[in-house]
1. Specify which of the listed residues (A61, A40) is of a type in the set (A, V, I, L, M), more than 20 Å from the chain's Cα centre (by Cα) and more than 24 Å from G95 (Cβ to Cβ).
2. Go through the residues of segment 63-79 one by one and say whether even a single one is open to solvent by 10 Å² or more (accessible area, probe 1.4 Å), closer than 26 Å to S188 by Cα, outside any loop (DSSP other than H, G, I, E, B) and not polar (S, T, N, Q).
3. Could you say whether any residue in segment 278-292 is closer than 28 Å to G13 by Cα and among the β-branched types (V, I, T)?
4. For segment 301-313, which residues satisfy the criterion of being open to solvent by less than 50 Å² (accessible area, probe 1.4 Å) and among the β-branched types (V, I, T)?
5. Based on what the data block shows, is R265 in contact with a helix residue (DSSP H, G or I) (Cβ under 7 Å, 6 or more places away or on another chain) and open to solvent by 40 Å² or more (accessible area, probe 1.4 Å)?
6. Every residue in segment 1-31 that is over 30 Å from F207 (Cα atoms) and open to solvent by 60 Å² or more (accessible area, probe 1.4 Å), please.
7. Sort out which residues of segment 274-300 are surrounded by fewer than 19 Cβ atoms within 10 Å (Cβ to Cβ) and in a loop (DSSP other than H, G, I, E, B), and write them in order of number.
Amino acid sequence: MEAAPFYNDVAAGPAGGEAHWLKTSDGLRIRVGHWTVPDAKGTVLIFPGRTEFVEKYGQTAAQLAKRGYASLAIDWRGQGIADRMTPNRAIGHVGHFEDYQKDVQATLDYATELGLPKPYFLIAHSMGGCIGLRSLLNGLEVKAAMFSAPMWGIQMSPALRPVAWGLSAVSKPLGFEKTLAPGQSEQSYVLRSTPEENSLTGDAEMFCFLRKQLQEHPDLALGGPSLQWLNTSLNEMHQLSSTPAPDVPCITFLGSDEVIVDPGRIRARMGKWGDGTLRVIKNGRHEMLMDNPAMRTMIFDETTALFDQHIAA
């Protein structure tokens with residue numbers, strides 16, 4: 001394993017965090033970071049959302065470490081400082097949504113090689129929730145999972161939805177699939193929004209911290225998605241919507257003020273998840289793991305309580 005840059009100055013994680021470069025089965029370079037704790041109960045696999053990166057989950061790792069869990073987080077292909085997929089690194093792109101599973105496999109191999117303590121658990125946010133659900137259906141060996149605002153559907157107006165499907169579907173045959181999706185910006189959302197107006201967190205201090213991460217390390221920044229990313233993600237979410245829930249205990253957190261992912265899809269999925277619990281968080285936005293301290297404490301307490309119940313299961 002080759003050491004990779006790790007921006008500890010903006011991670012705010014536990015001591016001893018490290019990052020390494022990994023090669024996926026199709027030859028791409030991704031980055032994975034991990035945090036260990038003495039006598040860990042297990043290891044939490046953190047699947048970030050679109051545009052996110054290892055250091056953004058340093059504070060999550062710190063919360064987990066306080067509760068006895070080691071953790072690791074991924075720079076998915078096309079974001080963070082993993083290999084970007086287009087000449088314009090500001091555009092989020094992927095060839096096929098299932099390619100993210102190659103990143104998952106490389107990460108699992110990495111965890112095994114490092115000897116990170118088992119059992120494994122999963123925390124998956126937004127796009128990571130879509131990847132994580134597919135991973136569970138593929139047999140990802142975790143004892144329990146937590147989803148935060150999972151991307152099992154995207155909010156769109158009824159008028160825009162057929163346009164999004166149609167335009168993104170023809171983009172690849174016509175050769176413009178790496179073009180920025182309509183209405184999107186090449187500038188990262190946290191750099192163009194404000195603490196007062198953003199749809200991610202109600203905690204102004206945390207929003208400024210997220211902005212500082214990108215100001216200090218601009219190579220982590222990512223703008224909007226490509227038309228190909230849009231098309232392949234819409235197809236993946238559609239396929240998942242008709243798939244039975246995996247036999248894995250889970251808890252899913254949905255903010256009452258969610259405006260990015262589709263709450264209806266989340267409610268429908270969790271209504272059919274036999275060993276699953278849906279928690280709607282009052283005043284929660286999209287980034288509940290990065291909201292006010294009381295909200296974060298409650299979420300991590302409930303999440304690790306679930307994990308604790310299934311350590312020996």
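1. Exactly one residue qualifies, and that residue is A40.
2. Within segment 63-79, none of the residues are open to solvent by 10 Å² or more (accessible area, probe 1.4 Å), closer than 26 Å to S188 by Cα, outside any loop (DSSP other than H, G, I, E, B) and not polar (S, T, N, Q).
3. Yes, because at least one residue in segment 278-292 is closer than 28 Å to G13 by Cα and among the β-branched types (V, I, T).
4. Hits for segment 301-313 are T303, T304.
5. Here the answer is yes, as R265 does meet what is asked.
6. Matches in segment 1-31: M1, E2, K23, S25, D26.
7. Residues satisfying the conditions are G274, D275, K282, N283, N292.
The rows are residues; the columns are (1) at pLDDT below 95; (2) surrounded by 14 or more Cβ atoms within 10 Å (Cβ to Cβ).
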position: T112; (1), (2): no, no
position: G115; (1), (2): no, no
position: A124; (1), (2): no, yes
position: L133; (1), (2): no, yes
position: K143; (1), (2): no, yes
position: I154; (1), (2): no, yes
position: A159; (1), (2): yes, no
position: W165; (1), (2): yes, yes
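The values are calculated or read from the model by the stated rules, or taken from the named source; none is laboratory data. Only a predicted model underlies this, so the values are computations on that prediction, with no experimental measurement involved. Neighbour counts run over all protein chains shown; Cβ positions are idealised from the backbone, glycine included. When the accessible area is computed, the model is the full protein with side chains, heavy atoms only, and any ligands, DNA or RNA have been set aside. Shrake-Rupley method; radii C 1.70, N 1.55, O 1.52, S 1.80 Å.
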